[in-house]
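The values are calculated or read from the model by the stated rules, or taken from the named source; none is laboratory data. Please read all numbers here as calculations on a predicted model, not as lab measurements. All Cβ positions, glycine included, derive from the backbone under ideal geometry; neighbour counts span all protein chains shown. Only protein heavy atoms, including side chains, enter the accessible area calculation; ligands, DNA and RNA are left aside. Shrake-Rupley method; radii C 1.70, N 1.55, O 1.52, S 1.80 Å.
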Amino acid sequence: MNVTTSFLEKGILLSPEITKDPVLLEKLSQIKNKYLKAGVIINKVFLRKIGLLEEESTTKVKVLFSYNQKPGKITVNDFVSYFNKRFELLSSFLRQRQELQRVTSINRLKNMKHRETIAIIGLVFDKRITKNNNIILTLEDPSGKINIIISNKKKEIFELAKEIVLDELIGVEGVVAGSFVFSNQIFIPDIPFLKELKKGPEEECVAIVGDPHFGSKAFLKKEFNDFIEWINQRKGSEEQREIASKVKHLIIIGDLVEGVGIYPGQEKNLEIKDIKEQYDLFTEHLKKIPKNINIIICPGNHDIGRLSEPQPPLLHKYTESLQSLPNVLLLSNPAYINIGATKDFPGFDFLLYHGYSLIYYADNVENIRARGGQKRPDLIMKFLLQRRHLAPTHTSNLYVPNPDSDPLIINKSPDFFITGHIHRLSVSNYKNITLLNCSCWTGLTEDMEKRGLEPQPAKVPIINLKTREVKIINFLKEEKPELKNEKIL
Ligand SMILES: [Fe+2]
Ligand SMILES: [Fe+2]
């Protein structure tokens with residue numbers, strides 16, 4: 001006899017919201033006999049009343065962007081259209097500047113007089129340093145290419161030019177000199193300055209978990225379990241439990257599992273060798289998180305599915321257990337969401353990106369490399385915001401050349417820019433945008449050592465949307481015996 005019939009025989013009705021949800025159906029066996037009287041209707045309200053279902057989160061998460069296009073066959077023309085589209089979208093940001101109101105297309109420069117002042121916009125096709133330590137950039141727009149000379153005597157623009165990477169879009173103001181342009185000014189798209197730090201009306205918190213890597217031998221089980229205990233308000237100081245009580249959203253920024261076959265010889269470092277089992281274990285842990293907390297998840301490069309960005313949401317047969325959780329929202333990488341909007345408040349925009357490209361810029365931008373490279377996710381994130389692109393250089397990530405749009409363009413200034421992948425914790429502010437790179441739950445592995453990563457594991461940044469304070473709770477056992485929180489911002 002199925003469960004619905006047995007309840008019907010007792011004169012108890014089950015609402016469709018219960019019968020259609022396997023998680024809620026499981027709860028039926030936990031209902032005490034004293035509640036099972038003829039005439040009772042079992043629905044979510046009833047389950048909440050008898051304490052078997054927690055209150056749903058009152059603030060909603062609005063998805064502003066999550067990539068869901070089906071992959072098609074990619075041709076060379078797609079790459080051409082993709083770069084033309086990128087040129088069109090990024091140049092629209094630069095054209096808002098006074099100095100770039102009258103831009104000339106590159107093929108028209110050959111008709112210009114010697115020493116005539118011009119302004120152009122182009123993608124950086126090539127960059128080299130001359131014997132005399134000047135920089136030559138080859139700029140390209142849809143009409144052609146031109147060489148730009150940046151003299152080392154012009155200190156300010158020379159410093160800016162040193163940071164320029166291939167394929168990024170810049171504007172140049174300068175004078176024509178034969179087949180060259182001598183640059184007087186360089187412009188990058190950048191984001192506008194937000195006049196004030198936006199603060200929300202509600203005392204609610206967003207916790208962020210970076211790179212759990214379930215299935216790895218180096219996964220920090222005890223620490224992650226302590227995190228689960230804390231979020232249930234069963235562990236930590238009084239202040240820490242109070243913070244946990246205000247958490248309404250949890251963002252997990254990719255690399256949920258260690259994956260299989262990610263790098264040669266990975267198998268010997270795996271505690272769980274089956275990808276589905278890795279996701280099942282991850283799901284078991286998420287089930288222990290209070291159901292009134294929205295869990296927002298992006299994939300990372302260790303997760304199942306394609307590596308090319310945008311990576312689609314984790315709607316895969318191996319992640320079925322994860323998909324069955326009622327409070328989980330699976331999004332693409334990157335994704336944009338809005339949290340905390342009310343009738344009178346626009347909410348906060350979050351740009352979520354796992355961060356595959358970050359390491360390229362840590363290694364290839366002199367200014368970032370010299371100041372700590374991968375240990376400075378704050379500088380890398382600022383660099384990307386200034387370029388308004390999550391991976392401006394062709395080789396810094398794998399990507400789908402979408403001919404109609406470039407989903408890696410930072411179209412809209414977010415309030416929060418969240419990344420992971422580097423396994424380090426960093427909280428900073430750029431033009432009133434909070435930048436957060438979000439730790440990990442794995443100790444140092446052979447693979448990380450090879451890639452020059454120095455992890456800062458088991459730390460959870462928690463954003464208070466009312467005060468904009470970010471507090472960090474440190475769950476790492478060896479480093480500090482007690483859970484410790486540090487006020488960072
Ligand atoms: Fe990772
Ligand atoms: Fe990663």
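Each Cα pair under 8 Å and six or more residues apart adds its separation to the average, and for segment 95-187 the resulting relative contact order is 30 percent. Applying a DSSP loop filter and a limit of 11 other Cβ atoms within 10 Å to the GluC sites (Glu not before Pro) in segment 1-83 leaves Glu55.
Charge dipole of the chain (Cα centre as origin; +1 on each Lys and Arg Cβ, -1 on each Asp and Glu Cβ, all else neutral): 820 debye, rounded to the nearest 20.
Relative contact order of segment 3-49: 48 percent, from C-alpha pairs under 8 Å at least 6 residues apart in sequence. Summary value for the chain: 16 percent relative contact order, contacts being C-alpha pairs under 8 angstrom separated by 6+ residues.
Scanning the chain for long hydrophobic helices, with DSSP H runs required to stretch 24 angstrom or more by C-alpha along their axis and to average at least 1.6 on the Kyte-Doolittle scale, returns nothing. Loop-located trypsin sites (Lys or Arg not before Pro) in segment 42-127 (DSSP state other than H, G, I, E, B) with a sparse environment of at most 10 neighbouring Cβ atoms within 10 Å: Lys73, Arg102, Lys113, Arg115. Given bins 5 angstrom wide, list per bin the percent of all Cα-Cα distances in segment 33-97, short to long. All Cα pairs, binned at 5 Å, distribute as 3, 10, 9, 10, 9, 8, 7, 6, 5, 7, 8, 7, 5, 4, 0 percent. Loop-only check: which trypsin sites (Lys or Arg not before Pro) in segment 131-167 are DSSP coil with at most 12 other Cβ within 10 angstrom? Taking segment 131-167 and a limit of 12 other Cβ atoms within 10 Å, the loop trypsin sites (Lys or Arg not before Pro) found are Lys131, Lys153.
Can you bin segment 95-187 into rounded, prolate or oblate? Criterion: square roots of the alpha carbon gyration tensor eigenvalues sorted a ≥ b ≥ c, rounded for a/c under 1.5, prolate for a/b above b/c, oblate for the rest. Note, shape of segment 95-187 comes out rounded. Rounded to the nearest 20 debye, the dipole size of segment 95-187 about its Cα centre is 380 debye, using +1 on the Cβ of Lys and Arg and -1 on the Cβ of Asp and Glu.
Scaling against 2.2 N^0.38 Å puts the C-alpha radius of gyration of segment 305-440 at 1.10.
Using the empirical formula 2.2 N^0.38 Å as the baseline, the Cα radius of gyration of segment 101-246 reaches a ratio of 1.78. Percent of C-alpha pairs per 10 Å bin in the chain, short distances first: 4, 18, 25, 23, 15, 9, 4, 2, 1, 0. Between the C-alpha center of segment 90-151 and that of segment 334-383 there is a gap of 28 Å.
Summed over the residues of the chain and divided among them, the accessible surface reaches 46 Å² per residue at a probe radius of 1.4 Å.
Given a 1.4 angstrom probe, I'd like the percentage of the accessible area of segment 86-151 that is carbon and sulfur, rounded to a whole number. Of all accessible area on segment 86-151, carbon and sulfur atoms account for 43 percent. For segment 3-49, the Kirkwood estimate of hydrodynamic radius, built from reciprocal distances between every pair of different alpha carbons, is 10.6 Å.
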